[in-house]
Amino acid sequence: MNEKKWKMSKTNFIDPEYFLSGKDIDYSRKFEWLEDKILHIHWLKDLAVPLQSLHTKFPNTILVENWDHDMEKPDQIKSRLDWALDFLTN
């Protein structure tokens, strides 16, 4: 894989134009009709999408202290799969 100066997500390159195309769109309002069916896990150290920037308050929210926006470390994901499994099976 070529090393890029822009954002990397595992093996997928995310082009900077992608981020620019949606920077002024409030995506949180597009999910209001589903809000009780969404498990919202938000990282409190997320500088890319701060919790205060969201206009929708999901009833099923878990706030995580020390993670950032990318959360790509497999041990972080694995350690929280139980949250998703519990939400999906109840």
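Every read-out reported here was derived from the displayed coordinates using simple, explicitly stated rules and does not represent laboratory data. Quick caveat: nothing in here was measured; it's all calculated off a predicted structure. So basically every Cβ, Gly included, is an ideal-geometry build from the backbone, and we count neighbours across all protein chains shown.
Here are a few things to note about the model shown:
- Phi angles across region 53-65 convert, under the Karplus curve 6.51 cos²θ - 1.76 cosθ + 1.60 with θ = phi - 60°, into 3J(HN,Hα) values of 7, 7, 8, 9, 9, 7, x, 10, 10, 10, 9, 10, 4 Hz, Gly and Pro given as x.
- Peptides 51-60, 18-27, 35-44 ranked from most to least packed, by the mean per-residue count of other Cβ atoms within 10 Å: 35-44, 51-60, 18-27.
- With both labels modelled 7 Å from their Cα along Cα-to-Cβ, the Arg29 to Lys45 distance reads 3.3 nm.
- Subtracting the Cα-Cα distance of Asp36 and Tyr18 from their residue separation scaled by 0.36 nm leaves 3.6 nm.
- Close amide-amide hydrogen proximity is noted between Val64 and His42, Trp43, Leu44, each under 5 Å apart and 5 or more residues distant or on a separate chain (H modeled in the peptide plane; Pro and chain starts excluded).
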